[in-house]
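Chemist: I have a structure I would like to understand better, so I am pasting it below and will then ask my questions one at a time.
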Amino acid sequence: FEKFDDTTQALAAATATVEGKISKPLKKLLKRLVNPDVQEQLLVTDSALGKAIKEKFSFDCICNSSVQDLMRVIRSQADSLLQIDEKELAAMRIGLAHSLSRYKLKFSPDKVDTMIVQAISLLDDLDKEVNNYIMRCKEWYGWHFPELAKIVQDNIAFCKTVQRIGYRTAAAELELSDILPTDVEAQVKEAAEISMGTEISEEDITNIRHLCSQVIEISDYRAQLFEYLKNRMMAVAPNLTVLVGELVGARLIAHAGSLLNLAKHPSSTVQILGAEKALFRAMKTKHDTPKYGLIYHASLVGQTSAKLKGKVSRMLAAKSALAIRVDALGEDTEANLGIEQRADLEKKFSLLEQNATKRVSGTGKMQAKFEKYQKNSERGQFDQDQASTLPHKRHSDFGGRGGANKRFRSDNMSKSFVV
């Protein structure tokens, strides 16, 4: 046994062991204990560490199940072998474990996908709350000025107009050009004079204005949060962001739990991620499985026709799976791969939209050639002899019952003429 001087030295040795390297204390210990002239065999629990020791000191390192059993016995008897108090040993273990965990995380503020999960969840919650607030505001103020909601379609402009106007009777004297276009402002003032809404109190106007201010503040904060999410997505997953966009990429990461978990999924799972309920229902009822999930909202899928959305989503999911693995496990912080893949996909999608018969992933098929039909405009004379395909026969040639009847009638006619 070799004792560490402090926790820092123990952490350095532990991290070197995790990475399969030889730490300085271990190197000094091996040089002191092992004679280079004698071929020795060393029992090592970590195969990567044993390989590094073999390359450095040129003697055999054994790592098998029997070695693991032996080390398990040594660990179970470590208290008596090291002659250290049990409480003190437990405290040292906890301290070293915490330090090693911090090192494994390799904490970087720019590469934390947990913030993305929280930001996209908060963004969805803000959207729901803003929609509820605006709906309540329109219904509430609609009792006093119901025509305003039909004239002003934008929600933020509606709330700012309500804040500025208050009572509809004051609309004719107010200036709304900084909020609304000129033609819309004229419609609002005209509708305020002939509005069929009821009268409300000053307290009602105060509460409605306060609600409008809440909607405006939440909308401003949502815009700020979206900018934060865009910057964080470009820092954490730049290639995925270029391919599918900030919102779709953030929702994929949030649905998987983390960027590393998302990187473990194959492209077929990335394609239908978010449509699990439809997938299990289709498998249970033996119907067609869904073609896309969250990736349906990507811009590349949205701009294609309905017939090609399934094929486009499959191709985009394949490229996205590669981009996710590069972002999660690669060291490059640029979006070069994503830019190249997006340009390639756009080129292939344009070929699909043009109904080209060329294969996208294999050898190309030749384009179909269509020969134009040439009409023969020459006029000819109708030939009666060539109109029928049957040979011409006389009546006497036909035998059987018909011919006998004809001969019988001719005999009777000649007899009656003689009489």
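The values are calculated or read from the model by the stated rules, or taken from the named source; none is laboratory data. Worth saying up front: this structure is predicted, and the values here are computed from it rather than measured. Cβ coordinates were reconstructed from backbone atoms using ideal geometry, including for glycine residues, and neighbour counts include every protein chain displayed. What goes into the accessible areas is simple: the full protein's heavy atoms, side chains included, and nothing from ligands, DNA or RNA. Shrake-Rupley method; radii C 1.70, N 1.55, O 1.52, S 1.80 Å.
Chemist: Looking only at the stretch 180-193, how many residues end up being closer than 21 Å to residue 139 by Cβ and free of Cβ contacts under 8 Å to residues at least 24 places away in the same chain?
Modeler: Selection size over the stretch 180-193: 0.
Chemist: Filter the stretch 282-335 down to the residues that are surrounded by 14 or more Cβ atoms within 10 Å (Cβ to Cβ) and in contact with a Pro (Cβ under 7 Å, 6 or more places away or on another chain), then identify the one that is nearest to residue 239 (Cα to Cα).
Modeler: That would be 335.
Chemist: For the condition touching a helix residue (DSSP H, G or I) at 6+ places or on another chain (Cβ under 8 Å) and outside the structural domain of residue 198 (by the TED database), what is the one hit in 46, 127?
Modeler: The match here is 46.
Chemist: Just give me the residues in the stretch 2-32 being crowded, with 17+ Cβ neighbours inside 10 Å, in a loop (DSSP other than H, G, I, E, B) and without any contact (Cβ under 8 Å) to a residue 24 or more places away in the chain, in sequence order.
Modeler: Correct list: 23 only.
Chemist: Does the stretch 110-131 include one or more residues that are open to solvent by 50 Å² or more (accessible area, probe 1.4 Å) and at pLDDT below 80?
Modeler: Checked the stretch 110-131: at least one residue is open to solvent by 50 Å² or more (accessible area, probe 1.4 Å) and at pLDDT below 80.
Chemist: Give me the helices (runs of 4 or more DSSP H) completely within the stretch 196-314, filtered to those with at least 3 residues that are over 25 Å from residue 326 (Cα atoms), ordered by residue number.
Modeler: In the stretch 196-314, the matching helices (runs of 4 or more DSSP H) lie at 202-236, 276-285.
Every residue, every condition in (1) open to solvent by 80 Å² or more (accessible area, probe 1.4 Å); (2) in contact (Cβ under 8 Å) with a residue 24 or more places away in the chain; (3) assigned to a helix (DSSP H, G or I), yes or no:
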{"site": "84", "(1), (2), (3)": "no, no, no"}
{"site": "98", "(1), (2), (3)": "yes, no, yes"}
{"site": "149", "(1), (2), (3)": "no, no, yes"}
{"site": "160", "(1), (2), (3)": "yes, yes, yes"}
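Chemist: Tally up the residues in the stretch 58-82 that are assigned to a helix (DSSP H, G or I) and more than 16 Å from residue 17 (Cβ to Cβ), please.
Modeler: Final tally of qualifying residues: 12.
Chemist: Tell me which residues, restricted to the stretch 33-45, are in a loop (DSSP other than H, G, I, E, B) and at pLDDT below 80.
Modeler: Selection gives 34, 35, 36, 37, 38, 39, 40.
Chemist: If you don't mind, there's one more thing I want to ask. Restricting attention to the stretch 134-147, and to residues there that are more than 39 Å from the chain's Cα centre (by Cα) and open to solvent by less than 60 Å² (accessible area, probe 1.4 Å), which single residue is farthest from residue 207 (Cα to Cα)?
Modeler: The residue in question is 147.
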